[in-house]
Amino acid sequence: MMDCGPCRWLNEKRGSREVVLVVVSVALLLDNMLFTVVVPIIPSFLYEKEHKNENTSVVRISPDPKSSFASIHSLYDNSTFLSGHSPHHGIINQTLEAPTNDSCNKETSVLQEENVQVGLLFASKAILQLLVNPIVGLITNRVGYDMPMFCGFIILFLSTIIFAFSGSYTLLFFARSLQGVGSSFSTVAGLGMLANVYTDDYERGQAMGIALGGLALGVLTGAPFGSVMYEFVGKASPFLVLAVLALLDGALQLCILRPSKFTPGSIPHTPYLTLLSDPYILVAAGALCIANMAIGVMEPTLPIWMMETMCSPNWQLGLAFLPASISYLLCTNLFGTLAHKMGRWLCTLVGMIVVGVSLLCVPLAVNIYGLIGPNAGIGIALGMVDASIMPIMGHLVDLRHTSVYGGIYAISDIALCMGFAVGPSTGGAIAKAIGFPWLMVITGILNILYAPLCFFLRSPPAREEKMAILTQECPMQTKTYMAQSTTPDLPLSDHSSDEDISIPHNRTMRIPR
């Protein structure tokens with residue numbers, strides 16, 4: 001049999017760390033492109049569909065008795081027509097005026113009511129993902145990461161096709177919910193796979209930063225791509241392009257991964273209740289949830305607020321998120337390495353404060369240019385938080401539990417989903433009740449108040465059970481410690497843990513006089 005060059009290359013690279021990183025990054029890219037491409041499309045699409053058939057008119061009869069002209073004023077597009085019969089010219093239909101921007105004519109009460117509807121639709125993805133994550137974590141512990149990763153691709157492809165051809169709120173809701181199931185498989189399996197192949201804490205932080213960069217690139221391109229394609233090509237066009245890209249990603253996974261092979265772990269996993277009872281894991285998950293809630297509350301409410309107060313056209317609704325996406329893309333890669341040096345706990349603390357301050361500045365904008373600074377600040381801060389918390393989660397499991405990563409990254413994704421479920425669902429209701437500015441103030445203050453809790457992540461201790469395991473594994477590596485000896489501020493490796501748990505000889509070698 002002929003051994004072709006590409007086949008030989010695939011056999012050599014299959015399962016390598018670099019190729020696994022590429023596969024996970026591409027999967028997160030497409031997932032988050034689909035996640036954000038609907039942000040500028042859904043509010044405008046639902047409004048137009050709701051009011052397309054409600055083009056009510058006010059008819060004013062011309063005072064000229066020799067002609068039967070009627071002036072018809074459309075409340076949908078604010079244009080006025082002459083319609084009727086003239087004895088000299090026959091039937092005439094003529095447009096008299098078409099003033100002002102179409103976005104300025106949208107009814108404020110309808111937009112405020114749409115806050116709740118759009119918020120629930122956006123939150124449905126996060127809610128389903130929240131419910132499915134624990135199941136996916138158990139599946140990855142039993143069968144490995146390859147098969148769940150490929151299942152995520154199949155589900156996301158089906159969701160994309162349904163989005164492209166759905167014409168009702170019910171179908172859009174179903175497609176968004178189905179996307180949540182696919183995202184759960186892709187995210188939990190992908191992050192667990194990276195933590196499994198990158199065992200060194202510093203390299204793991206770099207890999208997580210690159211993978212989150214793929215996520216950020218999806219967020220970056222999704223909303224602007226969706227708004228431009230929807231405005232100039234049509235609703236189905238962005239989803240069909242994403243479906244083609246998803247097929248390419250599926251082919252890449254088939255070539256690189258082994259979705260038909262079950263590869264269960266050799267050590268037992270830590271139960272969810274044990275992980276959730278760990279206070280350090282809860283603090284890290286809370287930071288991840290509350291920080292990402294900032295984008296969760298803005299996704300359904302910011303476009304509607306722009307339509308209501310800025311008279312923004314459709315193409316601007318997605319571009320408003322562009323500064324946040326660009327800064328997030330840059331900072332996830334930057335802080336994937338930098339956070340290890342400055343302290344991941346400190347990077348998370350500063351990031352949450354920056355999120356809060358940026359949210360307080362959002363309502364001060366009077367046009368789309370005024371949103372550039374606050375949204376860029378939110379992107380920078382979220383890059384700091386996400387690039388720090390994801391490696392912290394893997395380190396906490398290595399330090400305090402068994403090194404099986406499906407469960408911990410299921411909890412991480414649950415925290416993210418909580419932010420993107422609670423954010424849109426409650427954010428839309430709060431924006432309707434007390435207004436969008438107060439929604440930003442509440443979310444910003446919540447981030448600032450939570451930030452000091454990140455101090456507890458500075459130097460989490462190892463558990464006694466983990467100490468005993470490490471001591472049994474290394475019985476001959478005990479070291480002597482003097483009172484003046486110093487330890488690193490951030491013991492982020494198993495070697496430092498060995499040093500911390502060793503027993504000084506001078507305590508076991510005392511000779512009584």
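No lab work stands behind these numbers, since they all come straight from the coordinates. Keep in mind it's a predicted model, so treat the numbers as computed, not measured. Cβ: placed from backbone, ideal geometry, glycine included. Neighbour counts: every protein chain shown.
Under conditions of 20 °C and 1.002 mPa s, segment 343-441 yields 140 µm² s⁻¹ as its translational diffusion coefficient, taking Rh as the Kirkwood radius over Cα pairs in the Stokes-Einstein equation. Amide hydrogen proximity for SER312: with H placed 1.01 Å from N in the peptide plane, the residues at 5 or more positions away or on another chain lying under 5 Å are MET307.
Using the average count of surrounding beta-carbon atoms within 10 Å as a protection proxy, the listed peptides 443-450, 388-395 rank, highest first, as 388-395, 443-450. Residue-wise HN-Hα couplings along segment 336-343, as the Karplus relation 6.51 cos²θ - 1.76 cosθ + 1.60 with θ = phi - 60° gives them from phi, are x, 9, 5, 4, 5, 7, 8, x Hz; Gly and Pro carry x.
I'd like to compare 208-218, 372-382, 451-461: which one has the highest average count of other Cβ atoms within 10 Å, and what's the full order after that? List each step's numbers first, then the result.
Working: 208-218: 24.9, 372-382: 23.4, 451-461: 17.5.
By packing density, highest mean first, the sequence is 208-218, 372-382, 451-461.
Just name one of ALA211, LEU242, THR187: the one whose Cα is farthest towards the positive end of the charge dipole of segment 156-291 (beta-carbon charges, Lys/Arg +1, Asp/Glu -1). So the residue furthest toward the plus end is LEU242.
Shown here is the pair-distance distribution of segment 170-290: with all Cα-Cα distances grouped in 5 Å bins from zero up to the longest one, the shares run 2, 7, 9, 19, 20, 15, 12, 9, 4, 2, 0 percent. Look at where the Cα atoms of segment 382-416 and of segment 304-356 average out, and the two centres are 21 Å apart.
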